[in-house]
1. Given a Förster radius of 60 Å and the C-beta distance between residue 422 and residue 229 as r, what FRET efficiency does 1/(1 + (r/R0)^6) yield to the nearest 0.05?
2. No solvent, one uniform scatterer per C-alpha: report log10 I(q)/I(0) for region 146-259 via the Debye equation at q = 0.13, 0.15 1/Å, two decimals.
3. Using Cα positions and a limit of under 17 Å, work out the aspartates and glutamates in reach of residue 195, with same-chain residues fewer than 8 apart set aside.
4. Please arrange 166, 362 by counting, for each residue, the other beta carbons lying within 10 Å of its beta carbon, fewest first.
5. Treating the angle as unsigned and between 0 and 90°, give the value, to the nearest 10°, between the Cα long axis of helix 414-423 and the longest Cα principal axis of the chain.
6. Below 14 angstrom from the Cβ of residue 230, what's the summed charge of the other residues (Lys, Arg +1; Asp, Glu -1)?
7. Which of 366, 386, 116 has the fewest other C-beta atoms within 10 Å, and how do the rest follow up to the most?
8. Which values, in whole Å and largest first, are the semi-axes of the equivalent ellipsoid of the chain obtained as the square root of 5 times each eigenvalue of the Cα gyration tensor?
Amino acid sequence: MQKHRKFIGDKRFYLMVLGVALPIMIQNGITNFVSLLDNIMVGQVGTEQMSGVAIVNQLIFIYNLCIFGGVSGAGIFTAQYFGQGNQEGVRNTFRFKLWIGVILTALAIAVLFGAHEPLIRLYLTGDQGSQDMNATLGYGISYLKVMLFGLPAFMVGQIYASTLRESGETMLPMKAGIIAVFVNLVFNYILIYGKFGAPRLGVAGAAAATVLSRYVEMAIVVICTHSDKQKYPFTEHLYRTVKVPAALTKQIIIKGTPLMLNETLWAGGMALLMQCYSVRGLNVVAAMNISNTISNLFNVVFIALGDSVAIIVGQLLGAGKMEAARDTDTKLITFSVAICVVIGALMALVSPAFPRLYNTTEEVRHMAAVFIVEVAVFMPVNAFLHASYFTLRSGGKTIITFLFDSVFIWVASVPVAFVLSRFTGLSIYAIYFCVMSVDLIKCIIGFVLVKKGVWLQNIVVE
């Protein structure tokens, strides 16, 4: 019985976990559900439009994860400063996030605007006709040029939302996210199809709706946060200076740079994996887009529970409660994996029906259905990996997470995908399964590192 208690918490434990995880889950779930509807709307227009948008979103995904990595590096300190009750420490980590966000956004806009065509063409390979590829390229460029206007709003929104979550406030980002995604949904319908007298803009309309929703989300989070200084004390004199103490800057750079590089290289690795798969034709790009869309909706469960590990365990470490941190972490990982066994089964059940919502060929629909089942099989594995990653990160072990996450994808997953896609006659289904199977090695590494407790440390102790 005692052994079971090591892995299973009491009712109060799960209420506490769900109190943190559910708002994140709901926000991400609604965001991904509306992205799913957005994707279906574009998919109803045609396969080339859907493929062009999917390629551009893969490129913007790299930027999104750069921002996530940039704010997360400082966020390790935010969670521990908050656990310590140090509001000035929280302010300084916010200011650091602001600097890194502005630099990354300026670089992203410069690269994506200046080199959009060659970047999109990397995915236009395979045996499809040149007419289809040129159409896909044109739709991709139209979508990207509008999406660039939303990057600054996304950056500011992420800085505020991450600081609020690390300070234990998950409701406000959730509410802002819910409102924003409904704005996105309504304007998608109006601008993609030209409803209520609006012009029919197709993929450019989808991009415009997304940009508008980003600014709505940013405005809500910023205004509400600064309107209640008692509830959010870190906002007091927040912009009195944008200077960050040199000692803290050095600490965040040492701990945070591997994390930012990790997110950037991981996203780049994922983009390169998609490029390897695209060698087998544009139909693969379209099918992967459909599969990834439904996967993202189901993945919100283990992503939110991973975020909960970072927040709950990070605060316990900052308060110096090492045994409580270890015990809580074990129960959180067990809970995440168990839940994702059920979620994976549900995802496999919807695999035949979901691709039929798209206006595309039977070949693409069948391909997408098989990809969905393959992803569903590996969902418990991904849950364990995600929770292990955030466990190591909560204790500031960012060099280890860098090796564990992005270095692994570049030295293991990408080479496997590259070789199998170009030099073998394996089907795309077998290639996809083999690449995901490589992550089982990471599971063993993650298990050993978490069990050894290398992450049990307070990095903000005075």
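A short reminder: the numbers here are calculations on the coordinates, not readings from a lab. As the structure is a prediction and not an experimental result, all values here were calculated from the model. No Cβ is skipped: glycine too gets one built from the backbone with ideal geometry, and neighbour counts run over all protein chains shown.
1. Efficiency at R0 = 60 Å is approximately 0.55.
2. Reported log10 I(q)/I(0), two decimals: -0.64, -0.78.
3. Residue 195 reaches 38.
4. So the ranking, lowest neighbour count to highest, is 362, 166.
5. In the chain, helix 414-423 runs at an angle near 20 degrees to the longest axis.
6. In short, -1.
7. 366, 116, 386
8. 35, 27, 21
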